[in-house]
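Have a look at the structure that comes next, please.
The values are calculated or read from the model by the stated rules, or taken from the named source; none is laboratory data. The model shown is predicted, which means the values in this text are computed figures rather than measured ones. Virtual Cβ from ideal backbone geometry, glycine too; neighbours counted across all protein chains shown. When the accessible area is computed, the model is the full protein with side chains, heavy atoms only, and any ligands, DNA or RNA have been set aside. Shrake-Rupley method; radii C 1.70, N 1.55, O 1.52, S 1.80 Å.
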Amino acid sequence: MQIREFGVEMWMNAYETKCSYNLAETCVASLTIDELLTRSGRNDDVMSELKLMKMTYGAIEGSDRLRDAICALYENQSRDNVVTTHGTIGANALVYKAVVEPGDHMIAVLPSYQQHYSIPESIGADVTYLRLREENGFLPDLEDLCAMIRPETKLISFTNPNNPTGALMNPQQLKALIEVVRPSGAYILSDEVYRGTEQSGQMGPAVVDLYENGISTAGMSKAFSLAGLRLGWVTAPQEVIARVMIHRDYDTISVGKLDEYFATLALEAKSAILDRSRSITQNNLALLETWIANEPRMSFKKPQAATICLLKYDVDIPSHDLCVALLQQTGVLLTPGSAFDMEGYVRIGFANHTDTLQAGLSRLGAFLRQFDT
């Protein structure tokens, strides 16, 4: 199977360990195990439980306790609608392998995480792109979407909140999109890994709760600050879960028991974890907005959610070259827009530690001054 190189992951693999100020980071500042235990109120008894844990395979679909905790993030899902995976990246890959076949037509919103168009293309699907435009707030144009849907359209995919723009479809917009899709019966795959980072402080709805053919994927990496667990999940109608399980047996078997254990603690203490994440993202976005207001060579559409957004820059240089020069001269790492087929932009992550963001922005501003002459 031939597949395109994964632009954003190739970039991170090449440069993430070579920077001093990582403003390409997409996770809310990561928790230590000690911080997780403190926020979950479990510092006193965890070690006694871990000492008795046998390091065999975990429950194949995911433990009942973990899947029940995942269900609490949704309105009307049961554990039979949930299966755990190796991160959200594993969840997305499994859905495409289970649902999309060669020759199928699907629609992928762009920009997005590259899985959502490169994997189906590698399978042999006929992928139509619905391109987001800044003048529309990086939200899907429903008239354009309607015109793209065919009688045989199998699936529509997007990230909500959007990666890399931070745009968020509110409940009314999401319901309107579903009504456009519903007559076709197509699946909707919504990658909701950034759900829980809404600037409003209210967690938005999930596609799986709103649409009978909705599929939601998510995980512990972004809003829950636990990327090191490598734990995600698919929440979907049981017919989709059954097909996912067939493929999952070939590449996953089960998720690690330690990963599931700590993920369960975090999900059962979700209010405390998400309150921390929202505090970081809200405060840091305000800092970024103030910096942009005083930076003539940068502009942005303020994100409504997520930990990342696109910055539009006024410099006559390709985004890849700009980001390499920035890293070499200042130690600051951004992600080039070219990794998302969005030339003329760079992606910034604003949910790392505040002092890292402040120092990185200061150096980015100084770097941009060289283009004033």
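Considering only the other residues whose Cβ falls under 13 Å of the Cβ of Val346, what net charge follows from Lys and Arg at +1 and Asp and Glu at -1?
Value of the local net charge: -1.
Right, something else. Given 0.36 nm per residue, what is the gain on full extension from Asp80 to Ile3 after removing their alpha carbon distance, in nm?
24.5 nm
Given the options Pro296, Gln115, Asn136, identify the residue whose Cα lies farthest towards the positive end of the charge dipole of the chain (+1 on Cβ of Lys, Arg; -1 on Cβ of Asp, Glu).
Farthest towards the positive end: Pro296.
I'd like the FRET efficiency for Asp249 and Asp144, computed as 1/(1 + (r/R0)^6) with the beta carbon distance as r and R0 of 41 Å, rounded to 0.05.
Rounded to the nearest 0.05, the efficiency is 0.60.
Same structure again: Could you tell me the accessible area of Glu121 in Å² (1.4 Å probe, neighbours in place), rounded to the nearest ten?
About 70 Å², rounded to the nearest 10.
Along each principal axis of its Cα atoms, how long is the range 90-138 end to end? Whole angstroms, biggest number first, please.
For the range 90-138, the Cα extents along the three principal axes come out at 35, 23, 13 Å.
Counting only protein heavy atoms and using a 1.4 Å probe, what share of the accessible area of the chain belongs to carbon plus sulfur, as a whole percent?
50
What distance in nm separates the two pseudo spin-label positions at Asp314 and Ser279, each 7 Å out from Cα along the beta-carbon direction?
3.8
Sort 277-284, 215-222 by packing, meaning the average of other beta carbons within 10 Å per residue, with the highest value first.
Highest-to-lowest ranking by the protection proxy: 215-222, 277-284.
Please give every one of the lysines within straight-line cross-link reach of Lys301, meaning a C-alpha to C-alpha distance under 19 Å, and leave out same-chain neighbours fewer than 8 residues apart.
Hits, sequence-local ones excluded: Lys312.
At 7 Å along Cα-to-Cβ for each site, give me the label-to-label distance between Lys18 and Asp321 in nm.
1.8
Something else about it: How many Å² of accessible area per residue for the chain, probe 1.4 Å?
Per-residue accessible area for the chain comes out at 41 Å².
Only four residue types carry charge here, +1 at the Cβ of Lys and Arg and -1 at the Cβ of Asp and Glu. Report the dipole size of the chain about the Cα centre in Debye, rounded to the nearest 20.
Using only the charged Cβ atoms, the result is roughly 500 debye.
By how many nm would the segment from Gln202 to Leu287 grow when fully extended, if each residue of separation counts as 0.36 nm and the alpha-carbon distance is taken off?
In short, 28.5 nm is gained.
While we're on this one: Tell me whether the chain comes out rounded, prolate or oblate; compute the Cα gyration tensor, take square roots of the eigenvalues as a ≥ b ≥ c, and use a/c under 1.5 as the rounded threshold.
Taking the square roots of the gyration eigenvalues as a ≥ b ≥ c, the chain is oblate.
Give, in nm to one decimal, the length gained when the segment between Asn294 and Asp68 is fully stretched (0.36 nm per residue of separation minus the Cα-Cα distance).
Contour length minus Cα-Cα distance gives 76.7 nm.
Lys257: which lysines have alpha carbons under 19 Å from its alpha carbon, excluding same-chain residues fewer than 8 sequence positions away?
Lys51, Lys54
Pull out a ≥ b ≥ c, the square roots of the eigenvalues of the alpha-carbon gyration tensor of the range 41-81, then state rounded if a/c is under 1.5, prolate if not and a/b is larger than b/c, and oblate in the remaining case.
The shape class here is oblate.
Something else now. If you bin every alpha carbon distance in the range 266-373 into 10 Å steps from zero, what whole percent lands in each bin?
14, 45, 29, 10, 2, 0
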